[in-house]
Amino acid sequence: MAEEEQGFIIRDRRTSGGAEAAPTASSPSTEAKPSAAAQAEPSQAPPAPPVSFSSFVISLGSSSLMLMGEQLDPHQTPIPVNLPQAKEIIDLLSVLEDKTKGNLTSDEQTVLRDMLYALRMKYVTLASPK
């Protein structure tokens, strides 16, 4: 006796408040599509700004500052100080500065140079014996 291949059933409960929708048979390669209500709902978060070299540098710098004890958001719980990991990010930005020399716009170069200066000064202050 030959076995028949059967598809699977997808029940989308999002649109009907928990009541099951009519079962639909589909092949395993068919994906369930979101309901019209889910597609029409705008997301609550504002659109993210485009990623640029400067935003990348600022993101890495912010991470390093948080690892050095800076609390960038007063509502966020403070992260424990981790100087070796902060230094690793500073070193990474230093490598990035060396490898991109001559290939950055003046604004990008200024952001990178200023971020490295601020991070290095904070690191030296924290790492020096008191």
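The values are calculated or read from the model by the stated rules, or taken from the named source; none is laboratory data. A quick note: this is a predicted structure, and the numbers were derived from the prediction, not measured. Neighbour counts are summed over all protein chains in view; Cβ atoms, including those assigned to glycine, are modelled from backbone coordinates with ideal geometry.
Of note:
- In region 93-112, the qualifying residues are those that are surrounded by 13 or more Cβ atoms within 10 Å (Cβ to Cβ) and part of a helix (DSSP H, G or I), and the one that is nearest to the chain's Cα centre (by Cα) is L93.
- Within region 50-76, considering residues that are in a loop (DSSP other than H, G, I, E, B) and under 18 Å from the mean Cα position of the chain (by Cα), the one farthest from T110 (Cα to Cα): Q76
- For first residues located in region 43-60 and loosely packed, with under 14 Cβ neighbours inside 10 Å, partners that are part of a loop (DSSP other than H, G, I, E, B) and lie 6+ apart or on another chain with Cβ distances below 8 Å form the pairs S55/P49.
- Of everything listed in (1) modelled with pLDDT under 95; (2) part of a loop (DSSP other than H, G, I, E, B); (3) exposed (fewer than 13 other Cβ atoms within 10 Å of the Cβ); (4) not charged (D, E, K, R), the single unmet condition for I79 is (3).
- Boolean, I89 is free of Cβ contacts under 8 Å to residues at least 60 places away in the same chain, surrounded by 10 or more Cβ atoms within 10 Å (Cβ to Cβ) and either over 21 Å from the mean Cα position of the chain (by Cα) or part of a helix (DSSP H, G or I) (or both): yes
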